[in-house]
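The values are calculated or read from the model by the stated rules, or taken from the named source; none is laboratory data. Only a predicted model underlies this, so the values are computations on that prediction, with no experimental measurement involved. No Cβ is skipped: glycine too gets one built from the backbone with ideal geometry, and neighbour counts run over all protein chains shown.
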Amino acid sequence: MALLWSRISSILPPNEEQFPLQFSDKVESSVVEMLKRSRRQLYCDTTSTSRMLNAQIVVDISWERLNTGTWRDVDKEWRRVYAYGCLFKVAALCRENPSEDEVLQAVRTCDMGLLMGAAIMDNILQVLVRILQSELRKTAKDEDESEHVEIKRAKIVSPHVPSIKEDLAIPRMKCPSLESFNTNHLIPLKPVILEGIVDHWPALNKHPWSIDYLRSVAGCRTVPVEVGSRYTDVDWSQTLLTVNQFIDRYILNKDQTSQDGGKPLGYLAQHQLFDQVPELKEDIRIPDYCCLCEGDEDDITVNAWFGPAGTVSPLHQDPQQNFLAQVVGSKYIRLYSPEDTDKLYPHQSQLLHNTSQVEVENPDVERFPEFAKAPYLECVLQPGDVLFIPVKHWHYVRSLEVSFSVSFWWS
Ligand SMILES: O=C(O)CCC(=O)C(=O)O
């Protein structure tokens, strides 16, 4: 790791004067002073303890501000302060021939800055984390023997695969023209599975998203994870884990059983993953059909959905059109039209009004008698399939095996 600091300092401004530190009066002068002291320490000789101490104070003070009140009300200036604190902390960790543990801590610090902070200095934390990851890769070459065994274990699953009735099956089309998709599906809001439109994605061919591959590009990255079988359950929660921890705990089921003795369920379901890990974003493409939308390409939200067999997204609807692309494993999906909303018993609360109270595959017929009368379409989505879920269409999703899908929300 001896050369690490020279790579890091090459992306920092050359001197204190050219290092920007401008804040509005929302940030107290005592905090700005701490930031300036950390900046000075970047360019002069001092002890690593002193550098670390200052940076940690900035991180701790701003962290408290980020966690006071609701997220919506947190001033962006405090998110910038937090990002600077993380930057100074990474510099303190990596300055003097850091150990592997210190570099891992620096990666985690960058991720926290990326997740909770605001972008600073041309998104310098993103550039830093790439440098740190490449350094870690250099030192971690020959550790994959045991992982080959793990992959085999991950594939042993016996899912309950529902048989799809022909008259309820979502229709399939192979690479329809834009015009045909627009006329037959987008305008009348009719679901369809598009085949053959993502075969060129590197995620499906050049470097398929195996567990090995995900570990190599993102293993040490810290990401938010949903814990629990479905977000409507009382014991559902969110936590932060590295991708390696998530894989060990929830995909490979190492050393863990849930309270009822079954497999613990965790879902890496989030939109930041592709901004955080650009290597994964480079493996996918925005479907051409999104050009039929009125908005800008930048307005398309790309979500990752990575989890073990048995993860369930309860029946819910979203306010945008959706292309759900299956990359790894398969999923059982049911769709209901928004016209049948009154038979689906949405929750009353504002927070969950887009989610049905009914457990789709095990409905309580006494509480929800109309549910059985609601017509639906269904499918098993396989790798390479892309399901068009029209805006507001209710969808229920259950993974049948370890699964990774990518969704594109567009309008
Ligand atoms: O795949 C899933 O579990 C849920 C996908 C979903 O709800 C969506 O793309 O909107």
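Whether any residue in segment 384-403 is in contact with a Gly (Cβ under 8 Å, 6 or more places away or on another chain), away from the ligand (no atom under 15 Å from the Cβ) and small (Gly, Ala, Ser) is what I want to check. Show your work before the answer.
So in segment 384-403, the residues in contact with a Gly (Cβ under 8 Å, 6 or more places away or on another chain) come out as 384, 398-403.
Narrowing the set further to residues that are away from the ligand (no atom under 15 Å from the Cβ) leaves 384.
If we keep only those that are small (Gly, Ala, Ser) as well, we get 384.
Scanning segment 384-403 turns up at least one residue that is in contact with a Gly (Cβ under 8 Å, 6 or more places away or on another chain), away from the ligand (no atom under 15 Å from the Cβ) and small (Gly, Ala, Ser).
For segment 91-128, enumerate the residues that are touching a helix residue (DSSP H, G or I) at 6+ places or on another chain (Cβ under 9 Å), assigned to a helix (DSSP H, G or I) and within 27 Å of Arg72 (Cα to Cα). Even if it seems obvious, please write down each step before you answer.
The initial filter retains those residues of segment 91-128 that are touching a helix residue (DSSP H, G or I) at 6+ places or on another chain (Cβ under 9 Å), namely 91-98, 100, 102-107, 109-121, 123-126, 128.
Narrowing further to those that are assigned to a helix (DSSP H, G or I): 91-94, 100, 102-107, 109-116, 124-126, 128.
Across segment 91-128, the qualifying residues are Val107, Thr109, Cys110, Asp111, Met112, Gly113, Leu114, Leu115, Met116, Ile124, Leu125, Gln126.
May I ask you to verify whether Pro278 is within 16 Å of the ligand (Cβ to nearest atom), closer than 28 Å to Ser411 by Cβ, in contact (Cβ under 8 Å) with a residue 12 or more places away in the chain and surrounded by fewer than 18 Cβ atoms within 10 Å (Cβ to Cβ)? Before the answer, list the steps.
On the way: within 16 Å of the ligand (Cβ to nearest atom): no; closer than 28 Å to Ser411 by Cβ: yes; in contact (Cβ under 8 Å) with a residue 12 or more places away in the chain: yes; surrounded by fewer than 18 Cβ atoms within 10 Å (Cβ to Cβ): yes.
In short, no.
Here is a list of conditions, (1) assigned to a loop (DSSP other than H, G, I, E, B); (2) within 14 Å of the ligand (Cβ to nearest atom); (3) not small (Gly, Ala, Ser), and Phe323 meets all of them except one; can you say which number that is?
(1)
Applying the selection to segment 297-312, what residues are free of Cβ contacts under 8 Å to residues at least 24 places away in the same chain and part of a loop (DSSP other than H, G, I, E, B)? Explain how you work it out, then say what you get.
Of segment 297-312, the ones free of Cβ contacts under 8 Å to residues at least 24 places away in the same chain are 297-298.
Those that are free of Cβ contacts under 8 Å to residues at least 24 places away in the same chain and part of a loop (DSSP other than H, G, I, E, B): none in segment 297-312.
Would you mind finding the one in Leu315, Leu280 that is among the hydrophobic types (A, V, I, L, M, F, W, C) and in a helix (DSSP H, G or I)? Break it down stepwise before answering.
Values: Leu315 fails: in a helix (DSSP H, G or I).
Matching residue, one of Leu315, Leu280: Leu280.
Does any residue in segment 206-235 that is more than 30 Å from Gln357 (Cβ to Cβ) come within less than 8 Å, Cβ to Cβ, of a residue that is assigned to a loop (DSSP other than H, G, I, E, B) and of a type in the set (Gly, Ala, Ser) six or more places away or on a different chain, and which pairs are these?
Trp209/Ala203
Which of the numbered conditions does Asn205 fail, given that it passes all the others? Conditions: (1) surrounded by 15 or more Cβ atoms within 10 Å (Cβ to Cβ); (2) in contact with an Asp or Glu (Cβ under 9 Å, 6 or more places away or on another chain).
(1)
Which one of these does Pro308 not meet: (1) in contact with a helix residue (DSSP H, G or I) (Cβ under 7 Å, 6 or more places away or on another chain); (2) more than 13 Å from Trp409 (Cα to Cα); (3) within 11 Å of the ligand (Cβ to nearest atom)?
(3)
Please work out which one of (1) modelled with pLDDT of 95 or more; (2) surrounded by 14 or more Cβ atoms within 10 Å (Cβ to Cβ) is the condition Glu147 fails and give its number.
That leaves (1) as the condition not met.
Conditions (1) of a type in the set (A, V, I, L, M, F, W, C); (2) touching a residue at least 60 places away in the same chain (Cβ under 8 Å); (3) not assigned by TED's automatic domain parsing to the domain that holds Lys281, marked per residue:
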{"residue": "Asn322", "(1), (2), (3)": "no, yes, no"}
{"residue": "Tyr332", "(1), (2), (3)": "no, yes, no"}
{"residue": "Leu335", "(1), (2), (3)": "yes, yes, no"}
{"residue": "Ser356", "(1), (2), (3)": "no, no, no"}
{"residue": "Pro383", "(1), (2), (3)": "no, yes, no"}
{"residue": "Pro390", "(1), (2), (3)": "no, yes, no"}
{"residue": "Trp394", "(1), (2), (3)": "yes, yes, no"}
{"residue": "Ser399", "(1), (2), (3)": "no, yes, no"}
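Just one of Arg95, Arg130, Arg108 is in contact with a strand residue (DSSP E or B) (Cβ under 8 Å, 6 or more places away or on another chain), closer than 18 Å to Trp5 by Cα and not assigned by TED's automatic domain parsing to the domain that holds Cys220; which is it?
Values: Arg95 fails: in contact with a strand residue (DSSP E or B) (Cβ under 8 Å, 6 or more places away or on another chain); Arg130 fails: in contact with a strand residue (DSSP E or B) (Cβ under 8 Å, 6 or more places away or on another chain).
Answer to the selection: Arg108.
So, Ala372, is that one in contact with a strand residue (DSSP E or B) (Cβ under 9 Å, 6 or more places away or on another chain) and closer than 27 Å to Arg172 by Cα or not? Step through it out loud before you land on a result.
Working: in contact with a strand residue (DSSP E or B) (Cβ under 9 Å, 6 or more places away or on another chain): no; closer than 27 Å to Arg172 by Cα: yes.
Criteria not met by Ala372.
Out of Val32, Val58, I need the residue that is more than 18 Å from Leu115 (Cβ to Cβ) and either β-branched (Val, Ile, Thr) or at pLDDT below 95 (or both). Which one?
Values: Val58 fails: more than 18 Å from Leu115 (Cβ to Cβ).
Answer to the selection: Val32.
Would you pick out the residues in segment 359-376 that are surrounded by 15 or more Cβ atoms within 10 Å (Cβ to Cβ) and within 16 Å of the ligand (Cβ to nearest atom)?
At the first step, the residues of segment 359-376 found to be surrounded by 15 or more Cβ atoms within 10 Å (Cβ to Cβ) are 359-360, 363, 368, 371, 374, 376.
Glu359, Val360, Tyr376, listed by residue number.
All but one of (1) within 12 Å of the ligand (Cβ to nearest atom); (2) modelled with pLDDT under 95 hold for Asp299, so report the exception by its number.
Just one mismatch for Asp299, condition (1).
Let's see how each residue does on (1) within 14 Å of the ligand (Cβ to nearest atom); (2) touching a helix residue (DSSP H, G or I) at 6+ places or on another chain (Cβ under 8 Å); (3) assigned to a strand (DSSP E or B); (4) modelled with pLDDT under 95:
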| residue | (1), (2), (3), (4) |
| --- | --- |
| Asp235 | no, no, no, yes |
| Gln238 | no, no, yes, yes |
| Pro264 | no, yes, no, yes |
| Cys291 | no, yes, no, yes |
| Gly295 | no, no, no, yes |
